[in-house]
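Presented below is the structure to which this report refers.
The values are calculated or read from the model by the stated rules, or taken from the named source; none is laboratory data. Just so it is clear, the model here is predicted, and its values are computed rather than measured. Cβ placement follows ideal geometry from the backbone for every residue including glycine, while neighbour counts extend to all protein chains displayed.
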Amino acid sequence: MRALYKATLLSAVLAAAPLALPGAAQAEDSVVLPNLSYRTGPFAATGIPLMNGQRDYIAMINARDGGLNGVKLDYQECETGYDTAKGVECYEKLKSSSAVTQPWSTGITLQVLPKTNVDKIPLLAPGYGFSAMQDGKTFQWAYNPPASYWDGADMILKNISGGNLDSLKGKKIVLLHLDAPYGKEPIPLLENLGQKHGFTVVPIPVGVKEMQNQSAQWLQIRREKPDFVLMWGWGAMNAGAITEAVKTKYPMDQFVGIWWSGFDGDLKLVGDQGKGYRSISWSYPNSEAPVMKDIKKYVVDAGQSLINQAEGEFDSVFYQRGAMISMILVEGLRVAQDHFNTKVVSADQLRWGLENMKLDDARLKALGAEGMLPPFATTCADHTGHSGAWMLQWNGTKFEKSSDLLQADRGEIDGLVEKAAKDYAAANQPWPASECKM
C-alpha cells in the first residue's frame, strides 16, 4: 500500500508538469489546456487512467505533429482530490492563462459554472456535469458533449426495457448513487419516466465515508427486491458495490452502471463472478485503432507516459476514454483555428469551436478513431450533441459491446432541460442569454 501511495503521488507530481515532448519544440506558440485532475484521494483509482489518457493524447499531438498546426498544446494539471473547494482554487489559479477549464467533478462544475459568464472561459465537461448545460442559449460557456447524464439514464432504461419503457410497468428500480451532485443528477428524469411508464424508482445514496462498506445499502436492496439496480458510482464506491453485489448474490445481469461505473479495474476484482454486469458507454476501446497506435508509438513506447502497463491500463475503457476526451477538445481548437484563421486560439474563439464541431464518421476516421466514439455535432443551441452510446457487458475478463448504438428519447429530456435551465437562470440573476434558438 505504501508503494502504491508513493507511486500515486509521483504520478501526480509528474502529471502536473507541462508536457515537453519530442516534436513539441517545433511548435511556435502554445495554448494552455488545464485539467482539474484527481490522482489522489478516494477517487484516484478511476481518475488516474482518465487523466493519463487525456495527457497522452495531447502528448501524442505534440510529439507526432509538433503541436496543432504549429501550436504547442500546453497540458497542465492541478490536483483537486475531487474536492470541490480545491477545484475552485485550481480554477481561480489557472484562469488567467487558460483557454478552457475542465472541472472533472459535477460539484466543481456547478461552482465554476456561474463564473464562466464573468471570466469568459469555456467549461468543457465531456459526459458529466449539469445535464441542462445542453441548452446553449442559457449556458453560453458550458459544454458537455458527447452525451449527458439524462441521455445516459434514458438509454439505460431503453436497453433494460427492450426498447419499450411501458414494459417496466409495475417494476422496481433502485438507483444506487454517490451522495453528491453527480449521483443525484439522474433522479429528476428517472422519476419523471417512472411516473409516465408506471415503474418505481428507489434512490439509495452512498456517502463518501460509506463507499468501501456498503452493507447497509445492500441490506436495503435485499429488502426492496428490485428488478434492476442502476449505479451512479465513482471511485471506491464502484468497487465496493460490485464486490457487495457478488457477495449477496445479486443477479449481475440486472445490475447496470452509468459510463463512470464501467471501470475495468473494478470488475477485475471479481473476475468471472462479475459476468453479466453492464455499463452504458459513449466510448469504446480499440487498441488497434490508428490513434491508439500513434499514442503507443510516440508516447508510451517513448517512455513519456504515466500508465501502468503491467495492469493493462493502455487497453482499458477509462484510459482510452480519456484519450477521446482530449480528442474532442483538440477538435474544438482545430475548428476555431480554421474559422478564425489563427494559430493561437483565445478562450472566446475556442468557445465558438466547441459549439461548431462536427465529428461525423468521416472525421472520426480521419482522426484514427473510427468506432471508438459515436458521431455527433454541436451547435450554438445544443452544447451536448447527443452522440448515443453502447451498452458494454463484462465477460469475466473485459468489457465488450452488447448492444447496437442506443439513442436517448429527446422529447422527454428536452422538456426537462428547458425547465431546469430556466430555473437555474432565474435563481442566478442577472444571467445573460445568447440569441440561439433551441
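Details
- A single entry from Lys196, Lys171, Lys184, Lys137 fulfils the requirement of being surrounded by fewer than 20 Cβ atoms within 10 Å (Cβ to Cβ) and assigned by TED's automatic domain parsing to the domain that holds Met372: Lys137.
- Options Glu191, Glu244, Glu185, Glu224; residue that is free of Cβ contacts under 8 Å to residues at least 24 places away in the same chain and charged (D, E, K, R): Glu191
- Matching residues in the range 72-86 - criterion: being over 17 Å from Ile325 (Cβ atoms) and either of a type in the set (A, V, I, L, M, F, W, C) or within 20 Å of the chain's Cα centre (by Cα) (or both): Glu79, Gly81, Asp83, Thr84, Ala85, Lys86
- The C-beta contact set for the range 391-406 (first residue under 17 Å from Leu230 (Cα atoms), second residue surrounded by fewer than 16 Cβ atoms within 10 Å (Cβ to Cβ) and among the basic types (Lys, Arg), distance under 8 angstrom, 6+ apart or interchain) comprises Met391/Lys401; Leu392/Lys401; Gln393/Lys401; Trp394/Lys275.
- Within the range 227-241, the set of residues being closer than 12 Å to Ile204 by Cα and not hydrophobic (A, V, I, L, M, F, W, C) comprises Gly233 only.
- The selection criterion, being modelled with pLDDT of 95 or more and either over 23 Å from Pro103 (Cβ atoms) or not assigned by TED's automatic domain parsing to the domain that holds Cys90 (or both), holds for Gly67.
- Residue in the range 70-93 that is at pLDDT below 95, closer than 20 Å to Gly127 by Cβ and in contact with a Phe, Trp or Tyr (Cβ under 9 Å, 6 or more places away or on another chain) present: yes
- No other residue among Val335, Val344 is of a type in the set (Val, Ile, Thr) and without any contact (Cβ under 8 Å) to a residue 40 or more places away in the chain apart from Val335.
- Considering Asp166, Asp151, the condition of being surrounded by fewer than 24 Cβ atoms within 10 Å (Cβ to Cβ), in contact with a His (Cβ under 9 Å, 6 or more places away or on another chain) and not in a loop (DSSP other than H, G, I, E, B) is satisfied by Asp166 alone.
- Test: residue in the range 206-216 that is hydrophobic (A, V, I, L, M, F, W, C), free of Cβ contacts under 8 Å to residues at least 12 places away in the same chain and farther than 22 Å from Gln407 by Cβ: yes
- Flag for Val88 being aliphatic (A, V, I, L, M), without any contact (Cβ under 8 Å) to a residue 60 or more places away in the chain and touching a helix residue (DSSP H, G or I) at 6+ places or on another chain (Cβ under 7 Å): yes
- Tallying residues that are surrounded by fewer than 19 Cβ atoms within 10 Å (Cβ to Cβ), small (Gly, Ala, Ser) and under 17 Å from Gln393 (Cβ atoms) within the range 266-317 yields 2.
- Every condition in (1) within 22 Å of the chain's Cα centre (by Cα); (2) modelled with pLDDT under 95 is met by Gln309 except one, and the failing one is (1).
- Output for the range 169-187, where each listed residue is of a type in the set (A, V, I, L, M) and not in a helix (DSSP H, G or I): Ile173, Val174, Leu175, Leu176, Leu178, Ala180
- Meets criteria (outside any loop (DSSP other than H, G, I, E, B) and in contact with an Asp or Glu (Cβ under 8 Å, 6 or more places away or on another chain)) for Asn159: no
- Just one of the listed residues (Gly332, Gly322) is closer than 17 Å to Ser37 by Cβ, at pLDDT 95 or above and not charged (D, E, K, R), namely Gly322.
- The one condition in (1) at negative phi; (2) out of contact with any Asp or Glu (no Cβ under 6 Å at 6 or more places or on another chain) that Lys225 fails to fulfil: (1)
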